[in-house]
Amino acid sequence: MSPQFPRRLITVSEYYRMAEVGILKENEQVELLNGELIRLSPIGSRHAMCVNKITRLFSNILPSEVFVAVQNPVYLNSLTEPEPDIAIVRGPLDRYADHHPCPEDVLLLIEVADSTYRKDREIKLPLYAKNGIQESWIIHMEREEIEVYHSPSSESYETRKVFQKGEFISISSLGLEAEVAQML
């Protein structure tokens, strides 16, 4: 067992400053989770296809007062600013000219998990719950199913339901339904 050493955590403002001064390169693919820089996995073609399908579907069914944000930052707290694959966010778009959406702006966060399932489930999902995101989904590409999480608590979500092809999922905050097969 390796010894645990104290870590120096990075804040969101320090993260942006690192990019401004060139410590983080423009094309460096990282996100800030719990004060630590975590590398983003390369986006494979199945992953991209799934994100594109969801974007098209939701753009067509969502009311005009909300919008689909694709792989953009969501500010959860001073140490955490993940980049979920999809965020359904309250509008209008201009509202976010000087800041990223925060938990009270988010109606749904979706992670598409191919090689990232463990990180999404064990790291990101608890962060979403702890910060009050009311509904989160993990699309498990390998199993071709969607895990839906509701009722956030300080550690995780209280409810989890799994949906497969042939079933419909309700987006609880909007009262809309989406067919699982249209997203996979």
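A few notes on this one:
- Among the conditions (1) in contact with a strand residue (DSSP E or B) (Cβ under 6 Å, 6 or more places away or on another chain); (2) on the phi > 0 side of the Ramachandran plot, Val148 misses just one, which is (2).
- Scan of the stretch 113-132 for residues that are in contact with a Phe, Trp or Tyr (Cβ under 9 Å, 6 or more places away or on another chain) and either within 24 Å of Ile43 (Cβ to Cβ) or surrounded by 23 or more Cβ atoms within 10 Å (Cβ to Cβ) (or both), ordered by number: Leu125, Pro126, Tyr128
- Checklist (1) open to solvent by 30 Å² or more (accessible area, probe 1.4 Å); (2) part of a strand (DSSP E or B); (3) more than 19 Å from Glu122 (Cβ to Cβ) applied to Ala69, failing item: (1)
- Annotation: Ala87 fulfils all but one of (1) small (Gly, Ala, Ser); (2) in a strand (DSSP E or B); (3) in contact (Cβ under 8 Å) with a residue 60 or more places away in the chain; the unmet one is (3).
- Candidate set: the stretch 156-184, residues that are among the hydroxyl-bearing types (Ser, Thr, Tyr) and touching an Asp or Glu at 6+ places or on another chain (Cβ under 7 Å); chosen: the one nearest to Cys50 (Cα to Cα): Ser170
- Tally of residues being part of a loop (DSSP other than H, G, I, E, B) and either surrounded by 14 or more Cβ atoms within 10 Å (Cβ to Cβ) or modelled with pLDDT of 95 or more (or both) across the stretch 145-164: 1
- For the stretch 136-157, the tally of residues that are over 13 Å from Leu109 (Cα atoms) and either over 18 Å from the mean Cα position of the chain (by Cα) or small (Gly, Ala, Ser) (or both) stands at 7.
The values are calculated or read from the model by the stated rules, or taken from the named source; none is laboratory data. Remember, it's a predicted structure, so these values are computed and weren't measured experimentally. For neighbour counting, all protein chains shown are included, and Cβ atoms are generated from backbone atoms with ideal geometry for every residue, glycine included. Calculation scope for accessible area: heavy atoms of the full protein, side chains included, ligands and nucleic acids excluded. Shrake-Rupley method; radii C 1.70, N 1.55, O 1.52, S 1.80 Å.
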